[in-house]
Every structure is written in structure tokens, then in C-alpha cells.
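Scroll down for the structure; my scribbles are underneath it.
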Amino acid sequence: MSNVRIEESWKTALADEFGQSYFSDLVNFLKNEKAAGKTIYPPGSLIFNAFDTTPFEQVKVVILGQDPYHNPREAMGLSFSVPKGIRTPPSLKNIYKELNDDLGIPIPVHGDLTAWAQQGVFLLNAMLTVEHKKASSHSKTGWQNFTDAVIKTLSDEREHLVFMLWGRFARNKAELIDGGKHLILEAAHPSPLAGGAFFGSRPFSKANAYLKQHGKEPINWAL
């Protein structure tokens, strides 16, 4: 699968994965779904947006989401992010509230997190596609084989990254990460369904303190 359209440093880092049979099966699954007339999010050009915006060597922070948004025009290939002009989803509103409480940063008027991604915040969803109006519809397609390998590759080949794991699903990925050489920040999910348990976790200040401690430029979290 050397013809996968993804940023070059990731193509090199993940070369072994693109050659695996599960990845060929995944590509064929997506082609068949589209041929059957099903609507898939995000658009094909944005499936690897997180990778294209944040090259492998530039990753400083990983924020792991689960599934792309499954409503029209929302998913953009960055976890928790929606394009400008789209209503900010409830989980992202709570992320912004914690950002405001943690660092005093004004709550943004849009939900586009591209500026974070451009600074090294790798906004990775465990599943990179979803069917229209069907949450978790692509959870058994092979995407998790791929994104687990992404997490493990970052853990193995990079040093002093911050992994933000919010909610049970994301926290289960901690076993892929070497906690001796990276900072793992676990918290409740920012969804309103978690009853506000996310608040007070202060991930943004903790991440920046860790980055500075290891000689890295902190993230400007303001949007």
C-alpha cells in the first residue's frame, strides 16, 4: 500500500502497517461502502488530516478521541475538532471550559483546533472514519489495529511526549505507552455524560510544564 496519501514522515514511520493485510482489507472496506452509496465521514482528503497537519517528528502532545463526528460537515480528521462555522459540540465546550479554568484562556468562538495541530498537538481518533449518523460504525474495521500501532510507534520512537487519555476507552490505550519516558495524563471524558468529572484535571498547564521541563516549546492553547 505504498500509494497511501499521507504526510511523508508518517509514511516512513508506519511503512510496516501499510503493508499489512488488515490495512488492505480496511481500504477495500471503505471502497465497497462508498460504492454501495454510503456516506462516510470525514471526506477522503481529510481522513489523515491529523497526520498531514502534525508530522511525526513535530508531535509533542497526543489527544486521543474515539470516533469522528457522524453528522454532516462536522468531521475534519482531527479529534474533537469541527470546522469554523459549525456549532461547537458539547464535549469540546467542556474542553474549552477546562482550558479557561486551567489557564484563563478565553473560550473560543469556534471549534476548529487546527492551530493546536500545527504546534504539535496530534489530534488522533482511534477510528478514522464513520458512517453517516452511525456512531462507532467503523470500530471493527481495522482502524484500531492501525491507530494502536501509531500510538506504540510514537511511544517507542519519540521521547517526552504528553498523552492525554480522556474516558475509559482512551485510558485503555495506556498499555501501549511507555510511562517511563512519556507523561500520561488520564482523566474522565469531557462529555456532559461524565457529569463534570473532567473538570479540574488541568491537562493544559500540566502538559506545558512537562514540555518546558524537557526543553520543548510549550503549546499556545489560545485559539
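Which of the residues spanning segment 145-198 are over 19 Å from SER9 (Cα atoms) and among the polar types (S, T, N, Q)?
Scanning segment 145-198 gives ASN145, ASN172, SER191.
Specify the residue that is surrounded by the most Cβ atoms within 10 Å (Cβ to Cβ); the eligible residues are those in segment 195-223 that are closer than 24 Å to ASP112 by Cα and among the polar types (S, T, N, Q).
ASN208
Every residue in segment 18-44 that is closer than 20 Å to SER81 by Cβ, touching a residue at least 40 places away in the same chain (Cβ under 8 Å) and surrounded by fewer than 16 Cβ atoms within 10 Å (Cβ to Cβ), please.
Filtering segment 18-44 down to residues closer than 20 Å to SER81 by Cβ leaves 39-44.
From what's left, touching a residue at least 40 places away in the same chain (Cβ under 8 Å): 39-42.
The one that is closer than 20 Å to SER81 by Cβ, touching a residue at least 40 places away in the same chain (Cβ under 8 Å) and surrounded by fewer than 16 Cβ atoms within 10 Å (Cβ to Cβ): THR39.
Tell me, which residue of segment 195-223 that is among the hydrophobic types (A, V, I, L, M, F, W, C) and either in a loop (DSSP other than H, G, I, E, B) or at pLDDT below 95 (or both) is nearest to LYS84 (Cα to Cα)?
If we take residues in segment 195-223 being among the hydrophobic types (A, V, I, L, M, F, W, C) and either in a loop (DSSP other than H, G, I, E, B) or at pLDDT below 95 (or both), then LEU223 is nearest to LYS84 (Cα to Cα).
Just give me the residues in segment 172-194 being more than 15 Å from LEU161 (Cβ to Cβ) and either open to solvent by less than 50 Å² (accessible area, probe 1.4 Å) or of a type in the set (Ser, Thr, Tyr) (or both), in sequence order.
Scanning segment 172-194 gives ALA187, ALA188, PRO190, SER191, ALA194.
I'm trying to understand the selection: among the residues of segment 118-127, which are buried (at least 24 other Cβ atoms within 10 Å of the Cβ) and closer than 12 Å to TRP221 by Cβ?
Scanning segment 118-127 gives a single hit, VAL121.
State whether one or more residues within segment 137-144 are among the aromatic types (Phe, Trp, Tyr) and open to solvent by 20 Å² or more (accessible area, probe 1.4 Å).
No: zero hits.
Residue pairs, Cβ under 8 Å, 6 or more apart or interchain, first in segment 203-216 and within 12 Å of LEU103 (Cα to Cα), second in a helix (DSSP H, G or I). List them.
Correct list of pairs: PRO203/GLU98; PRO203/ASP102; PHE204/GLU98; PHE204/LEU99; PHE204/ASP102; PHE204/LEU103; SER205/ASP102; SER205/LEU103.
Examine segment 68-76 for a residue that is in a loop (DSSP other than H, G, I, E, B), basic (Lys, Arg) and open to solvent by 50 Å² or more (accessible area, probe 1.4 Å), and state whether such a residue exists.
Looking for residues that are in a loop (DSSP other than H, G, I, E, B), basic (Lys, Arg) and open to solvent by 50 Å² or more (accessible area, probe 1.4 Å), one finds at least one in segment 68-76, hence yes.
Search segment 158-187 for residues that are of a type in the set (Asp, Glu) and pair each with any residue that is open to solvent by 50 Å² or more (accessible area, probe 1.4 Å) when their beta-carbon atoms are under 6 Å apart and the residues are at least 6 apart or on different chains.
Note: pairs meeting the criteria are GLU186/ARG171.
The values are calculated or read from the model by the stated rules, or taken from the named source; none is laboratory data. Predicted model, so just to flag it, every value in this text is computed and none were measured. Here Cβ is always computed from backbone atoms with ideal geometry, including for glycine, and neighbour counts include all displayed protein chains. Ligands, DNA and RNA are stripped out before the accessible areas are found, and what is left, the full protein with its side chains, is counted by its heavy atoms. Shrake-Rupley method; radii C 1.70, N 1.55, O 1.52, S 1.80 Å.
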